[in-house]
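Have a look at the structure below, then the notes.
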Amino acid sequence: MDNLALERQRRDQIPGIVGEAEDQRQREHLLTRLILGQTIAVALITLMTASGGLLIPGSGLASLLPLGIIAVIVGLVSYGLLRQHRFLLGGYVFLIGTSIAITANVFVRGYLDASAIYYL
C-alpha cells in the first residue's frame, strides 16, 4: 500500500474522523467527475465548432478553436492530477487555466463578441 492509502486507512479507524474522511472522498470524487464531464463536453463543442468553421468559412467559428483546444488540454492535465490524488493542485490548475484561456479569448475577440459569456 502506498502512503496515501495507509493514511486514509489510519484516519478511517479513528472514530471522530470517519465522517470527515468520507466527506473528503465524496468531494474528491465529485470534483473528478465535474472536471472530466466538462472536459468531454468542451471537447465535443470544440469538434462541432471546428467543423462549423470549416463548413461556414466566414462565420468566425474557427477563431474559437484555440480556446477549445486550450480548455481541453487544461482539463486533461487537471484530470491527470486528480487521478494522482493531487486534488487541490488539480482544482487550481483547472480554475486558473480555464480563466486564463477565457480571458485571452475575450481579449483577442473583444468584449462586443459573445465569447464573454464563457465566464458563466
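The values are calculated or read from the model by the stated rules, or taken from the named source; none is laboratory data. Quick caveat: nothing in here was measured; it's all calculated off a predicted structure. In this analysis, Cβ positions are derived from the backbone assuming ideal geometry, glycine residues included, and neighbour counts consider all displayed protein chains. Only protein heavy atoms, including side chains, enter the accessible area calculation; ligands, DNA and RNA are left aside. Shrake-Rupley method; radii C 1.70, N 1.55, O 1.52, S 1.80 Å.
Just to be sure I understand the filter: pairs with C-beta atoms under 7 Å, separated by 6 or more residues or on different chains, first member in region 29-47 and in a helix (DSSP H, G or I), second member open to solvent by 80 Å² or more (accessible area, probe 1.4 Å). Which pairs pass?
T39/L76; T46/I69
Hey, can you tell me all the residues within region 75-108 that are open to solvent by 100 Å² or more (accessible area, probe 1.4 Å) and aromatic (F, W, Y)?
Y92, F107
What's the number of the condition D12 fails, among (1) among the charged types (D, E, K, R); (2) open to solvent by 50 Å² or more (accessible area, probe 1.4 Å); (3) at pLDDT 70 or above?
Of (1) among the charged types (D, E, K, R); (2) open to solvent by 50 Å² or more (accessible area, probe 1.4 Å); (3) at pLDDT 70 or above, only one is false for D12: (3).
If you scan region 40-99, which residues turn out to be among the polar types (S, T, N, Q) and under 13 Å from the mean Cα position of the chain (by Cα)? First the steps, then the outcome.
If we filter region 40-99 for residues that are among the polar types (S, T, N, Q), which is where we start, we get 46, 49, 51, 59, 63, 78, 84, 98-99.
Of everything in region 40-99, those that are among the polar types (S, T, N, Q) and under 13 Å from the mean Cα position of the chain (by Cα) turn out to be S78, T98, S99.
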